[in-house]
1. Within a 10 angstrom radius of the beta carbon, how do B:I74, B:I15 rank from fewest other beta carbons to most?
2. To the nearest 10 degrees, how steeply does helix B:137-148 sit against the main Cα axis of chain B, on a 0 to 90 scale?
3. Just check chain B against the gyration tensor rule for me: Cα atoms, a ≥ b ≥ c as the square roots of the eigenvalues, rounded for a/c under 1.5, and otherwise prolate or oblate depending on whether a/b exceeds b/c.
4. Taking 8 Å as the Cα distance limit and 6 or more residues as the minimum spacing, I'd like the relative contact order of region B:69-227 as a percentage.
5. Order by neighbour count: B:H180, B:H57, fewest other Cβ atoms within 10 Å first, most last.
6. State to the nearest 20 debye the size of the charge dipole of the protein assembly as shown about its Cα centre, where the only charges are +1 on K and R beta carbons and -1 on D and E beta carbons.
7. If Lys and Arg each add +1 and Asp and Glu each add -1, what is the summed charge of the other residues whose beta carbon sits under 9 Å from the beta carbon of B:V98?
8. List the longest stretch of chain B that has no exposed loop site; here a site is one of the trypsin sites (Lys or Arg not before Pro) assigned by DSSP to anything other than H, G, I, E or B, with at most 14 other Cβ within 10 Å.
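A short reminder: the numbers here are calculations on the coordinates, not readings from a lab. Note that the coordinates shown come from a computational prediction; the quantities given were computed from them, not determined experimentally. Here the Cβ positions follow ideal geometry from the backbone for every residue, glycine too, while neighbour counts run over all protein chains shown.
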Amino acid sequence: EGTQSTITQFFEGS
Amino acid sequence: LFHARFEQAGLVDAIKDLIQDSDFHCRDSGIALRNMDNSQVAVVVILLEAGGFLPYHCDRRLNLGISLTSLTKIVHYAGDEATLALKANDNPDTFNLVLECLQTGCIIKYDIKSRDIDQEHLEIPKTDYAATITIPSAEFQRICRNLSQLLESVANEASEERIKFSSSGDIGSGSATLRHNSDLTGPIALTISLKYLVNFSKATALSYSVTLSLSSEVPQLVEYKVESGFARFYFAPQIGE
């Protein structure tokens, strides 16, 4: 089983 | 002054379980929405170009903060066939929402207060996916709903000719396989939460087909093309499998 990542790990906020 | 009339109000229903409030960015080119879901694992991006509205008029940039929970309740009255019109004046503390049921001719008007929404703007990088597969949206929804009755997550495996959705849980396992004619750079396997796929597939009424863009260890993209625009759902991957 993997761990669910969050989208902010991939998309940067501005 | 801003005025837009939209004939696919069912779009609201497709995103209401993911995001509760959002800014609608209104420009002369059209309306855009980009927002993360509460659990920060998915992003919804919607672009509706001005040409998809009849009429569309926007003479300056405008951000309308709209409660999708409230908008859903309003739109739900007339279902997918409703026509939705948004109007705002130069001071957009409130906006007008006009809902027309095409079947009965009934028109309902609301004055809605624009909400002040603290929303982070996410930059979405261009991604080259290992697989981009287009399948009938109704089949995709059927598969997601069926597997989700008993199981929680789904493993997507794609090869040259077939995409396989397989899932296992306490009660056992299940799988569904579909043929496709899309190009792949190589075989791919990844796991995704069925609960979210079921949510994304609520956009089925918008488009005959759905495109899945998949790569290991980057967010997956589920895209529905609508008239003069799109609804895109990005979902963060499970890592360390």
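1. Working: B:I74 18, B:I15 24.
Fewest to most other Cβ atoms nearby, the residues stand as B:I74, B:I15.
2. That works out to roughly 60 degrees.
3. Working: a/c = 2.07, a/b = 1.87, b/c = 1.11.
Prolate is the answer for chain B, as a/c is 1.5 or above and a/b outweighs b/c.
4. About 19 percent, as a whole number.
5. Lowest to highest Cβ neighbour count: B:H57, B:H180.
6. Working: 21 positive and 33 negative charges, 110 e Å.
With only Lys, Arg, Asp and Glu charged at Cβ, the dipole is about 520 debye.
7. Numbers: positive: B:R5, B:K87, B:K109; negative: B:E100.
Computed value for this residue: +2.
8. On the way: sites that count: B:R60, B:R61, B:R115, B:K126.
That gives B:127-241 as the longest site-free run.
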